Amino acid sequence: MRRPCPLFLFLFLFLLLSASIAYGQIHTRLRVIQASNVGSVIDPALKDVHGKLGSLFSFTSYRLVRDQDVVLSPNQPARVQVHPEVFLEMTLMGLQSGNAEVKVRVNRSRTDILNTQIRLSPDRTVLVGGTRHGEGVVIYALSAKF
């Protein structure tokens, strides 16, 4: 049996990625971070954003609560349950100049507690935070590959 040609594999992967961009889909990564001043533990899974967290927020402890991949399609809300009564909803509003415009809503007990729009660049992380939870706040780290 012959092994697949590396060029064939490359072309197949390229066409697969191109198809998702052509349909306007983007692959996002949502990380939910619990930040507080209880203790001084920094979750090792957050090492890539630790410097950014420290420069934007003044907490001593950061713990990763959830790490989830979400595929966004234009004008189709994607809803993720963050906590028992808290949902995060992301909607791809459009792609412009190499950036994705994404509407982000956080809903607790059927009430919006956050409603904003962010611009995601490929392989960059945007931190959205400040919603109170427990003894600290929840910070959302959003990144995209497209």
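The values are calculated or read from the model by the stated rules, or taken from the named source; none is laboratory data. Treat the numbers as computed from the prediction; the structure is a model and nothing was measured. Neighbour counts are summed over all protein chains in view; Cβ atoms, including those assigned to glycine, are modelled from backbone coordinates with ideal geometry.
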If we scan region 49-58, do we find a residue that is surrounded by 16 or more Cβ atoms within 10 Å (Cβ to Cβ), of a type in the set (V, I, T) and over 12 Å from the mean Cα position of the chain (by Cα)? yes
Filter region 68-97 down to the residues that are of a type in the set (A, V, I, L, M) and within 18 Å of K145 (Cα to Cα), then identify the one that is modelled with the lowest pLDDT. L95
Going by the structure shown, is L53 part of a strand (DSSP E or B), hydrophobic (A, V, I, L, M, F, W, C) and in contact (Cβ under 8 Å) with a residue 24 or more places away in the chain? no
Out of (1) of a type in the set (D, E, K, R); (2) part of a strand (DSSP E or B); (3) in contact with a Ser or Thr (Cβ under 8 Å, 6 or more places away or on another chain), what's the single condition that is false for D112? (3)
On the given criteria, is D69 surrounded by fewer than 13 Cβ atoms within 10 Å (Cβ to Cβ) and either of a type in the set (A, V, I, L, M) or in contact with a His (Cβ under 7 Å, 6 or more places away or on another chain) (or both)? yes
Identify all residues within region 93-125 that are loosely packed, with under 12 Cβ neighbours inside 10 Å and either within 25 Å of H83 (Cα to Cα) or of a type in the set (K, R) (or both); write none if there are none. S109, R110, T111, D112, N115, T116, Q117, R124
